[in-house]
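The next block holds one structure in the form of structure tokens; read it before the comments.
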Amino acid sequence: MKISKELWCSSIGVGLFTLFYSLIMTSFQLWMGAAAFITASYFFGVGCPNDKVWNIVGSFVMGIIWAMISFQLLQNATIAQLWPSAIMFGFMTFLAIFLQGTIMKFTMVPAWLIAWGSTMVIISNITITKWPLFIVELFVSMLMGIFFIAYGSNYFTKVVYKIFPDKKPKDPVEIDDDAEPVSNDEG
């Protein structure tokens, strides 16, 4: 089995930058490492579009805001019941898609929903005591997924390709069928 250079570079790059991110995350006590992996995975999945990175970041912000709104609404015992919460989530999803299609065209619904869902998973399972700090840490973790893990591994790949460029095949001999045969006869 032949393993391509691209696969080697991607595997090593993502592995290294995930390792580095894990060390940074632990050093600064950013315990929401999963958020970075989710956002990096999303960014890789859409092809690392440099021209859409700020649209994606804006969508992550909207997802965090959506999670804060829905979490606050769920603190109401009536809304927290099955049918009311299902209606609330359905309406908020409709509203996110509607807003993206009308006045917030810069956003990307999948990124919005991923950030919303990721944030909800975290805040639904732990007690948050310092909300402003939590939101900043979560957002930084999401940004690290894009700007550290994804861009870092892409940069690593570019460096490897620069140091070890692909071997170019020798120029093929061109045959011009319309050419007159050259004769060495002097005659």
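Just one residue in the set ILE65, ILE56 is at negative phi, surrounded by fewer than 17 Cβ atoms within 10 Å (Cβ to Cβ) and of a type in the set (Val, Ile, Thr); that residue is ILE65.
When the range 1-46 is examined, which residues are found to be buried (at least 17 other Cβ atoms within 10 Å of the Cβ) and outside any helix (DSSP H, G or I)? Of everything in the range 1-46, those that are buried (at least 17 other Cβ atoms within 10 Å of the Cβ) and outside any helix (DSSP H, G or I) turn out to be LEU30, MET32. Only a single criterion out of (1) surrounded by 12 or more Cβ atoms within 10 Å (Cβ to Cβ); (2) over 19 Å from the mean Cα position of the chain (by Cα); (3) of a type in the set (Val, Ile, Thr) is not satisfied by THR102, namely (1). Could you say whether any residue in the range 97-115 is free of Cβ contacts under 8 Å to residues at least 60 places away in the same chain, small (Gly, Ala, Ser) and within 19 Å of VAL53 (Cα to Cα)? Among the residues of the range 97-115, at least one is free of Cβ contacts under 8 Å to residues at least 60 places away in the same chain, small (Gly, Ala, Ser) and within 19 Å of VAL53 (Cα to Cα), which makes the answer yes. Contact annotation: residue pairs with Cβ atoms under 8 Å, 6 or more positions apart or on different chains, pairing a residue in the range 36-48 that is on the phi > 0 side of the Ramachandran plot with a partner that is buried (at least 17 other Cβ atoms within 10 Å of the Cβ) and hydrophobic (A, V, I, L, M, F, W, C), are CYS48/ALA150. Considering only residues in the range 103-122 that are of a type outside the set (D, E, K, R) and not in a helix (DSSP H, G or I), the one that is farthest from GLY63 (Cα to Cα) turns out to be ILE103. Beta carbons closer than 8 Å, at least 6 apart along the sequence or on distinct chains, pair a first residue in the range 118-135 that is closer than 13 Å to MET68 by Cβ with a second that is outside any helix (DSSP H, G or I) for ILE122/MET32; PHE134/ILE128. Scanning the range 49-85 for residues that are free of Cβ contacts under 8 Å to residues at least 24 places away in the same chain, β-branched (Val, Ile, Thr) and in a helix (DSSP H, G or I) gives ILE65, ILE69. Going by the structure shown, is MET88 part of a helix (DSSP H, G or I), buried (at least 17 other Cβ atoms within 10 Å of the Cβ), free of Cβ contacts under 8 Å to residues at least 40 places away in the same chain and not small (Gly, Ala, Ser)? It is true that MET88 is part of a helix (DSSP H, G or I), buried (at least 17 other Cβ atoms within 10 Å of the Cβ), free of Cβ contacts under 8 Å to residues at least 40 places away in the same chain and not small (Gly, Ala, Ser). Determine whether PRO110 is at pLDDT 95 or above, surrounded by fewer than 17 Cβ atoms within 10 Å (Cβ to Cβ), out of contact with any strand residue (DSSP E or B) (no Cβ under 7 Å at 6 or more places or on another chain) and within 19 Å of TRP31 (Cα to Cα). Answer is no for this residue.
The values are calculated or read from the model by the stated rules, or taken from the named source; none is laboratory data. Fair warning: this is a prediction, and the values are worked out from it, not measured in the lab. Cβ atoms come from the backbone with ideal geometry, glycine included; neighbour counts cover every protein chain shown.
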